[in-house]
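Working notes, structure below.
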Amino acid sequence: MTGTLINIIAILIGGTLGSLMGDRFPERFRLIFMQALGLLITALAIDMALETNEFLVVLLAILLGVLLGEWWDIDKRLNHLGVWLEKKAQRFPILTKGNFTRGFVASSLIVCIGPLAILGSIQDGLSGDYTLLAIKSAMDFVVTIALGAAFGFGVVFSALSILIVQGGMTLGASLVQGLMTEAMIAEFSATGGVMLMGLGLTMLEIKRIKVANFLPALFIVPFLVLLWQRLGL
């Protein structure tokens with residue numbers, strides 16, 4: 001849960017600063033900070049991808065995963081979820097007073113839904129490595145400053161969403177930790193590295209990649225490792 005706690009603190013500070021600063025936060029600072037994080041994520045992604053002991057497992061996991069992701073169109077469904085939540089919130093005038101609810105809903109979706117949140121939470125739960133969530137916290141810090149400046153203190157309360165969503169995934173991963181072998185964790189990490197590379201390229205605005213559609217690959221990896229072991233490969 002260490003990574004989730006760091007993330008909560010980053011959102012609380014970032015959202016508060018943004019709310020107090022208003023629109024005085026320069027766009028150029030946000031841009032250069034996100035570019036720096038994009039480079040850092042790309043470098044980390046390469047390091048993670050090199051942890052593989054069997055590249056074919058990663059290759060098959062990615063190909064099968066992205067087929068399922070595109071079939072289910074996870075990226076589009078996540079975007080529709082954001083629109084649906086915002087529409088539901090607008091039905092309650094007391095909640096939509098000002099920009100509180102819009103800020104809460106928008107920031108909750110941005111900080112909770114995404115491959116880095118899922119991958120980082122699972123990695124933290126499995127191995128106690130919260131590096132990915134620490135990087136995500138830095139990203140969320142910048143994002144919540146910008147959102148806080150636009151919507152106000154509703155953004156700060158997205159920390160509750162992080163506690164529920166990321167904390168839940170981390171605890172869930174820790175419960176199945178005993179079922180994951182070292183080989184599974186290595187290939188899981190390598191597969192996640194490939195996904196993170198896509199996120200880095202997107203953040204650097206080199207190529208927009210629908211990384212969310214790669215998420216099923218993470219759940220396919222353990223079964224492929226088991227298959228490889230049963231076949232003696």
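For segment 102-171, the pair-distance distribution built from all alpha carbon pairs, in bins 5 Å wide starting at 0, is 4, 19, 29, 24, 14, 7, 3, 0 percent. Converting phi to 3J(HN,Hα) with the Karplus coefficients 6.51, -1.76 and 1.60 and the offset θ = phi - 60°, segment 205-212 yields 6, 7, 7, 7, 10, 7, 4, 4 Hz in sequence order, with x at every glycine or proline.
Taking a Cβ cut-off of under 13 Å around Thr191, the surrounding Lys, Arg, Asp and Glu residues balance to a net charge of -3, with basic ones at +1 and acidic ones at -1.
Annotation: aspartates and glutamates with alpha-carbon distance below 14 angstrom to Lys210 (same-chain offsets under eight excluded): Glu70, Asp73, Asp75.
Across segment 160-206, Cα-Cα pairs more than 12 Å apart make up 72 percent of the total.
Just so you know, the Cα atoms of segment 122-210 work out to an Rg and Dmax of 15.6, 46 Å.
Every read-out reported here was derived from the displayed coordinates using simple, explicitly stated rules and does not represent laboratory data. What you see is a predicted model; the values in this text were computed from it and never measured. Don't worry about glycine lacking a Cβ; one is built from the backbone with ideal geometry, like all the others, and counts go over all protein chains shown.
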